[in-house]
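The values are calculated or read from the model by the stated rules, or taken from the named source; none is laboratory data. Note that the coordinates shown come from a computational prediction; the quantities given were computed from them, not determined experimentally. When we count neighbours, we look across all protein chains shown, and the Cβ atoms used for this are built from the backbone with ideal geometry, even at glycine. In case anyone asks, the SASA skips ligands and DNA or RNA and just uses the protein heavy atoms, side chains included. Shrake-Rupley method; radii C 1.70, N 1.55, O 1.52, S 1.80 Å.
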Amino acid sequence: MKKLIISIFALLNFGLLFAATAKYESENYNLNLNYNDVITPGDAIFVRMNITVPKTHKKSKNEPEKKATLQLLQDKKVIESAPFYSLKTKKANITEMLCGIPVSLWLKDGNYSLKIIYADSDSDIKEFILPSRLKMRNFPEEVLELDERNSNIKTDNSPERIAQIEKLNNILFTSMPSDIFSLKKFTTPTESQRYTAYCGDRRTYIYTNGKSSTSLHYGNDYGVPTGTEVKACAAGKVVLAETRISTGWSVVIEHLPGLYSLYYHMSELAVKEGDMVNQGQLIGKSGATGLATGPHLHWEVRLNGSAVRPEFFLSDFAFDEN
């Protein structure tokens, strides 16, 4: 007899992150899920799923791979979706999977829900809604008057800058299921607590020619002097380490499939593309290269190409401590 139990069994405080649990029971397998149930603009939703089959079950060579997808819906329309990827486990009858999807910084008030689609086989496909709640967030607005140098950078449409943007986007929208380098909660890249801007700030840029443009700020800025040590927020692989027109000396590190941390405007780098780094390892020193009104470190986190508030990842977002 199948039993569907999709409800919040407990709210567990993992640092800054509150987690809910849910489960699905059937004759062939049990699903146990941990996830953060609050849908908030600029954050993410992560679900960690434990799939248990009876110990007497013998896996055949032709047995299909277990698959699952996480979706964020507005009414009945899918606005974010990503597949789960498998984590290593020591028990043969247990499969662990993880998935994360970003919640847009532009998210408006409305009717949202989380859906899991799970396929144990080609013929056994289940869909269910996870209980969730919406919590809106307000973002500050600011006006920045740029000097001639920064105005030229911001309005640069040269082939070189366009190529740099395309290269970075190709990296940030790449998700390799096998690239699992760290499940630990992040640490900040500098010890400084002096923030000069936050992820999600609405910015209006005023150029020297009198024109203006409005955009989002995609990371947190630390107001630190040139030469301040910058350290990796988590273990991972350096997938970009070079100078760029807009962001100066820059480093991008891959941590999980589709999850990247970015470090901009540095004065020098201590790593190169292809390096594997540990959490807390020196990767460079802060500066004012690229589009910068003064010395600072821009720290950014992208999930499946979208910016997510770095603070979200300072908690046990992957439920690795549970």
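In terms of the Cα gyration tensor, with a ≥ b ≥ c the square roots of its eigenvalues, is segment 160-206 rounded because a/c is under 1.5, prolate because a/b exceeds b/c, or oblate? Since a/c reaches 1.5 but b/c is at least a/b, the shape of segment 160-206 is classed as oblate. Summing Lys and Arg as +1 and Asp and Glu as -1 over all other residues whose Cβ lies under 10 Å from the Cβ of Ser213 gives a net charge of +3. Only the Cβ atoms of Lys and Arg (+1) and of Asp and Glu (-1) were treated as charged; on that basis the dipole of the chain about its Cα centre amounts to roughly 940 debye. Neighbours of Ile51 by Cβ distance under 9 Å: Lys/Arg scored +1, Asp/Glu scored -1, total -1.
Bridgeable aspartates and glutamates around Lys67 (alpha carbons under 20 Å apart, same-chain partners fewer than 8 residues away excluded): Glu25, Glu27, Glu80, Glu96, Asp120, Asp122, Asp124, Glu127, Asp179. You can think of it this way: the chain between Ala163 and Met276 has 38.1 nm of extra reach, that is 0.36 nm per residue less the Cα-Cα gap. Extension gain for Ser81 to Phe139 (0.36 nm times residue separation, less C-alpha to C-alpha distance): 18.4 nm. In segment 37-181, a dipole from Cβ-located charges (positive for Lys and Arg, negative for Asp and Glu) runs towards its positive end, and of Ile125, Thr174, Gln164 it is Ile125 whose Cα lies farthest in that direction. What do you get for the angle between helix 159-172 and the principal long axis of the chain? Use alpha-carbon atoms, 0 to 90 degrees, nearest ten. For 159-172 against the chain, the angle is about 30 degrees. Once the 1.4 Å probe is applied to the protein heavy atoms, segment 69-123 comes out at 54 Å² accessible per residue. Pairs of Lys residues in segment 73-173 that lie 8 or more places apart, or on two chains, and have C-alpha atoms under 19 angstrom apart add up to 10.
Zone of Gln193 (label point 7 Å along Cα→Cβ, backbone N under 15 Å): which residues in segment 254-276? Under cut-off, by backbone N: nothing.
Of all DSSP bridge pairs formed entirely within the chain, close to 95 percent run antiparallel.
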